[in-house]
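Student: Please read through the structure below; I'll follow up with questions.
The values are calculated or read from the model by the stated rules, or taken from the named source; none is laboratory data. Remember, it's a predicted structure, so these values are computed and weren't measured experimentally. Neighbour counts run over all protein chains shown; Cβ positions are idealised from the backbone, glycine included.
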Amino acid sequence: MISVKNLCKSFQKIDVLCGIDYEIKEGEVIAIVGPSGSGKSTFLRCLNLLEEPTSGEIWFEGEQINTKNCDINAVRARMGMVFQQFNLFPHLTVKQNITLAPVKLGRMTQEEADQRAMELLERIGLPDKADTYPIQLSGGQKQRIAIVRALAMNPDVMLFDEPTSALDPEMVGEVLAVMKGLAEEKMTMVIVTHEMGFAREVADKILFLDGGVIVEEAAPEEFFTNPKSERLKDFLSKVL
Amino acid sequence: MFEDFFGKFSRAFLEDNCSGLRLMADGLGKTALITLGSLVLGVILGIILAVMKVLPGKSIFNKILAGIANTYIAIFRGTPVVVQLLLFYFGICARIDIDPVLAAIICLGMNSGAYVAEIIRGGILAVDHGQTEAGRSLGLSYSTTLVKIVLPQAIKNILPALGNELIALIKETSVVSFITVVDITKVAGNIIAKTYEPFVPYLFLALVYLVVVLIATWLVGILERRMRQSDQR
């Protein structure tokens, strides 16, 4: 579904990603872990071109997206993204946050979008928040709504950039539960996370990034019980 | 003392069936028209210039747009508005039959646009970049993201500064008599030319400006509170 070929990204003189090759298949849940500064977030942000790759190719559903001819807006409409800092639109109500993109992009009428927004809010248990503004919500509520906002576009893949890192500990669970629900529905997901327990439970594959390359990739059990590289062993000894 | 004051006021404004007051009202109408006209033009120009300066990407096209905006702002901020008025009306429009009020609106609006541009640019830059990223990640174009997500937040934040600009404009319109517009300041001058008593008419003139500015401040305050709705916890 997404294939990444020899992806490199440099900021000024610093090489953040140095040749990443990977293929994400439909329905897979991929967790990306690694020490800070390893390029996890940059890798994720390259997938929908929030960062422009310095070199290499990104293919999504059979189309190379990092070329001049690609309509990046149409591609992004099929890729949902959830940010560490939620990035809800503070001047819009919860419902307006969810319906803005589907209506503006002509996917739905305002009525259809409103109805869809309410369905999605029911699903995460926040229908009573439809007409409130983001500032009135807790971090966990904001992040769940940010997930729903991305889902309102009916994306083919969801990208999560450390979705629980800015949350109070007691709110992490509610966000992870929503993500787990998505995984059970076979949504293709790419998740940059520090939640090792969650990665182990939900992911099909875990990638370990360090120094801008994929050092190791494995299924969760293998990844945690039988790490091969020294760097991963060292990393796991610190985080587990 | 008070009788004298009232006598002067009466001679200036109340004689001939209040002709002085009525002339002042006409003048105030022109002042208001020029202020509102140039404010609208200034904000529209300001948004366009600000967007020209903040466009992302380093293409030559964007650099040219930013260069044009920078040049515009440098020229209009770097020369006195009176000089701009005189140059525009008597120089550039010399051969065209243009209404001086319209000339004043165009000229003050273009001048104000240069200042408003920098205010709005500051407002746009102050909106968290994550907002743009969130909008773009949903598939919205740069322009839709700007119009629907970034600008509303920017405008809300810069409303106090825009209020300042409105107040400055109200007072700045007092220079339009340079190009033959009979605004409220010019009316006061004309009355003094008849009565030879400057103190009371000018004092009254100052009072009128003060009241207009206070009303404008009040209106901006209402608008600000309305736009801050989403900030209430």
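Student: Looking at B:VAL116, is it exposed (fewer than 15 other Cβ atoms within 10 Å of the Cβ) and among the β-branched types (Val, Ile, Thr)?
Tutor: So B:VAL116 fails the test.
Student: A further question follows. Restricting to region A:119-134, count the residues that are more than 23 Å from the chain's Cα centre (by Cα) and exposed (fewer than 15 other Cβ atoms within 10 Å of the Cβ).
Tutor: Qualifying residue count for the region: 2.
Student: While we're on this one: Could you list, in sequence order, all residues of region B:123-142 that are in a helix (DSSP H, G or I), within 7 Å of another protein chain (Cβ to nearest Cβ) and surrounded by 23 or more Cβ atoms within 10 Å (Cβ to Cβ)?
Tutor: B:ALA134, B:SER137
Student: Looking only at strands (runs of 3 or more DSSP E) that fall completely inside region A:18-131, which ones have 1 or more residues that are more than 14 Å from chain B (Cβ to nearest Cβ)?
Tutor: A:29-33, A:55-60
Student: Which residue is farthest from B:SER230 (Cα to Cα), if the candidates are limited to region A:132-170 and must be in a loop (DSSP other than H, G, I, E, B) and of a type in the set (A, V, I, L, M)?
Tutor: Filtering first and then ranking leaves A:MET153.
Student: Let me ask something else about it. Please count how many residues of region A:74-84 are farther than 15 Å from A:ASP156 by Cβ and either at pLDDT below 95 or exposed (fewer than 13 other Cβ atoms within 10 Å of the Cβ) (or both).
Tutor: The number of residues fulfilling the criteria is 0.
Student: Look through region B:174-233, keep the residues that are within 14 Å of chain A (Cβ to nearest Cβ) and in a loop (DSSP other than H, G, I, E, B), and return whichever of them is surrounded by the fewest Cβ atoms within 10 Å (Cβ to Cβ).
Tutor: B:ARG233
Student: Against the condition within 23 Å of A:VAL215 (Cβ to Cβ), buried (at least 21 other Cβ atoms within 10 Å of the Cβ) and either among the β-branched types (Val, Ile, Thr) or at pLDDT 95 or above (or both), how does A:ALA101 come out, does it pass?
Tutor: Taking the combined requirement at face value, the residue does not satisfy it.
Student: Here's another thing I want to ask about it. Looking at the structure I just gave you, is A:GLY173 of a type in the set (Gly, Ala, Ser), outside any strand (DSSP E or B), under 18 Å from the mean Cα position of the chain (by Cα) and more than 12 Å from every other protein chain (Cβ to nearest Cβ)?
Tutor: yes
Student: Let me ask another. Would you say A:LEU207 is surrounded by 14 or more Cβ atoms within 10 Å (Cβ to Cβ) and out of contact with any helix residue (DSSP H, G or I) (no Cβ under 7 Å at 6 or more places or on another chain)?
Tutor: yes
Student: Let me ask something else. What pairs can you find where one residue is in region A:53-69 and loosely packed, with under 15 Cβ neighbours inside 10 Å, the other is in a loop (DSSP other than H, G, I, E, B), and their Cβ atoms are less than 9 Å apart, with a gap of 6+ or different chains?
Tutor: So the pair list comes out as A:GLU61/A:MET1; A:GLU61/A:ARG78; A:GLU61/A:ASP156; A:GLU63/A:CYS70; A:GLN64/A:CYS70.
Student: Still on this structure, please answer the following. For region B:143-155: of the residues being more than 7 Å from every other protein chain (Cβ to nearest Cβ) and not hydrophobic (A, V, I, L, M, F, W, C), which is surrounded by the fewest Cβ atoms within 10 Å (Cβ to Cβ)?
Tutor: This residue is B:SER143.
Student: If you check B:LYS8, B:LYS63, which single one turns out to be in contact (Cβ under 8 Å) with a residue 24 or more places away in the chain and among the basic types (Lys, Arg)?
Tutor: Step by step, each of B:LYS8, B:LYS63 is checked, and only B:LYS8 is in contact (Cβ under 8 Å) with a residue 24 or more places away in the chain and among the basic types (Lys, Arg).
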